[in-house]
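Input: a single structure, listed below in C-alpha cells.
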Amino acid sequence: MSLMGIDAVVFGVPDMAEAKRFLEDWGVTQVSATADKLVYRTRDGAEVIVRPIDAAALPPAIEAGKTVREVIWGAASQKELDETLARLKSLDGYHVGPDGLPRVKDPNGMSLAFRVSKRTPVKVEPTMPNAPGSHNRVNQRSPIHAQARPINIGHVVLFANDFAAMREFYTGKLGFHISDEYPNHGVFMRCQRVGDHHNTFVLNRPGKPGINHVAFTVTDIHEVIGGGIAMSKKGWKTEIGPGRHPISSAYFWYFENPLAAPLEYYADEDFCTEDWKPQTFERKPELFAEWAIVGGIDGNTRRQASGIDKSGRGHA
Ligand SMILES: [Fe+2]
C-alpha cells in the first residue's frame with residue numbers, strides 16, 4: 001500500500017538549449033527534444049521533463065528562477081495507486097489534469113502527480129570489493145567509467161515553508177516512512193517500508209520553500225567518480241563532491257546545472273526493512289559529509305593524456 005518512487009520530475013528553465021546540453025552530458029537518454037519540451041529518461045525509464053520557465057502548461061513555481069515544477073510519483077499497480085489516491089481525494093485542490101493524471105499540491109505548494117509507474121527495474125552489478133580473506137571480485141578488473149548513466153531518480157530534497165505540515169503530509173497522506181531525522185529541522189523519508197533510505201528529504205526553512213537538490217542513482221562509487229570527472233571535463237561546475245554522507249551512507253557528487261538547484265550523482269545508500277532503526281541526529285555539518293571535496297576534481301588533474309579534454313569546453 002505505497003508509492004514506489006519518483007516516476008518523473010518536471011523542470012521549468014530559462015534556457016532550454018543549456019538544459020539540453022547538460023542532460024546530454026549527464027548521461028540520461030533523449031526521448032524527444034523540441035523547442036518547448038525536452039524529455040529524457042534514466043536507465044529504468046524515470047523521466048526528466050523540461051519546459052520553458054513561462055510555459056502555460058507548467059504548474060506554478062514555488063520559488064523564483066529555474067526549478068522543479070512538478071514531481072510525478074509512481075505506484076506499482078493501479079490498486080496501489082488507488083489506495084494512495086483514496087487518502088488524497090478529500091484534500092483541497094485534488095483534481096485530475098487534462099493529461100488524465102490525478103494531482104494535489106503538497107503544503108509547500110508543489111504540484112504532485114500520480115500514475116502507475118512506467119519504470120522497469122534495472123538490475124545492476126556493482127563492483128564487489130576485495131579484502132584480505134574476503135575475495136568478492138575474482139579474475140575481474142574493477143571498471144573505470146568514462147561517463148555516468150543514471151539508473152533512476154532516487155530522491156528530491158525540499159526546503160519546507162511549514163516543516164511540521166510537510167512531515168505530516170508525506171507520512172500521513174502519502175504513506176512515507178521515516179528513515180532518520182533531525183528533530184524539527186530535517187526528515188529523511190522513504191516511499192516503501194522495504195526500500196532505499198530516502199526518496200525525499202524535507203528541510204525546515206520557513207518563508208523560503210524551494211528545492212535543495214534532485215538526485216540520480218548510479219551503480220557504485222566508481223560510477224560516481226567517473227561520471228563526476230566526465231562532467232568536470234566538460235566544464236560543468238561542482239557544487240560539492242565527491243564525498244560521503246554519514247546518514248544514508250551514500251557516496252555523492254553534486255553539480256550546478258541549468259535545470260534547478262544542484263543535481264546529484266549518488267551510490268551505495270542504505271537499504272532499509274522493517275528492522276531498520278530510525279535515529280535522530282543533532283544538526284551539524286559533519287553529518288552532511290564525513291568527507292567531501294569542495295570544488296570537485298577538475299577533470300584535468302589526472303596525469304593520463306586521456307584525462308585532458310581537448311574540446312575546449314573544459315577548464316583551462
Ligand atoms: Fe541527495
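The values are calculated or read from the model by the stated rules, or taken from the named source; none is laboratory data. What you see is a predicted model; the values in this text were computed from it and never measured. Backbone-built Cβ (ideal geometry, glycine too); neighbour counts: all protein chains shown. Please note that ligands, DNA and RNA were not included when accessible areas were found on the heavy atoms of the full protein model with its side chains. Shrake-Rupley method; radii C 1.70, N 1.55, O 1.52, S 1.80 Å.
Applying D = kT/(6 pi eta Rh) to the chain, where Rh is the Kirkwood radius over alpha-carbon pairs, T corresponds to 4 °C and eta to 1.567 mPa s, the Stokes-Einstein value obtained is 64 µm²/s. Centre-to-centre, using Cα atoms only, segment 6-41 and segment 78-155 are separated by 18 Å.
Treating only the Cβ atoms of Lys and Arg (+1) and Asp and Glu (-1) as charged, compute the dipole magnitude of segment 157-316 about its Cα centre; round to the nearest 20 debye. Intermediate results must be reported in sequence, preceding the final value.
On the way: 17 positive and 20 negative charges, 129 e Å.
With only Lys, Arg, Asp and Glu charged at Cβ, the dipole is about 620 debye.
Here the convex hull built on the C-alpha positions of segment 125-238 has a volume of 147 cubic angstrom per residue.
In percent, what relative contact order does the chain have, based on Cα pairs under 8 Å that are 6 or more apart in sequence? Don't jump to the answer; show the numbers that get you there.
Details: 776 pairs, mean separation 55.0, N = 316.
Relative contact order comes out at 17 percent.
Within the accessible area of the chain, the carbon and sulfur atoms contribute 51%, probe 1.4 Å, all protein chains present.
A Cβ-based charge dipole, computed about the Cα centre of segment 125-193 with Lys and Arg at +1 and Asp and Glu at -1, lands at about 320 debye.
Taken over segment 1-143, lysine pairs spaced eight or more positions apart, or on distinct chains, with alpha carbons under 23 Å apart number 13. Restricting attention to segment 118-204, close to 70% of DSSP beta bridges with both partner residues there are antiparallel. Any chance you could give the angle, 0 to 90 degrees and rounded to 10, that helix 16-26 forms with the longest Cα principal axis of the chain? Helix 16-26 sits roughly 60 degrees off the main axis of the chain. How much of the DSSP beta bridge set in the chain is antiparallel, as a percent to the nearest 5? So the antiparallel bridges in the chain amount to around 70 percent. Approximating the spin labels as points 7 Å out from Cα along Cα→Cβ, the Arg21-to-Lys277 distance works out to 5.1 nm.
Taking label positions 7 Å along the Cα-Cβ direction at both Leu85 and Phe288, the computed distance is 4.0 nm, reported to one decimal.
Heavy atoms of the protein chains alone define the surface here; on that basis segment 140-184 has 44 Å² accessible area per residue at 1.4 Å probe size. Computed with a 1.4 Å probe over protein heavy atoms only, the accessible surface of segment 1-137 comes to 48 Å² per residue.
Looking at the square roots a ≥ b ≥ c of the eigenvalues of the Cα gyration tensor of segment 1-91, which shape do they give, rounded for a/c under 1.5, prolate if a/b is larger than b/c, or oblate? Please list the in-between numbers first.
Numbers: a/c = 2.89, a/b = 1.54, b/c = 1.88.
Judged from the Cα gyration tensor, segment 1-91 comes out oblate (a/c at least 1.5, b/c at or above a/b).
Just want the answer: with Cβ charges of +1 for Lys and Arg and -1 for Asp and Glu, which residue in Thr273, Val31, Leu91 is farthest toward the dipole's positive end in the chain? My answer, from the dipole projection, is Val31.
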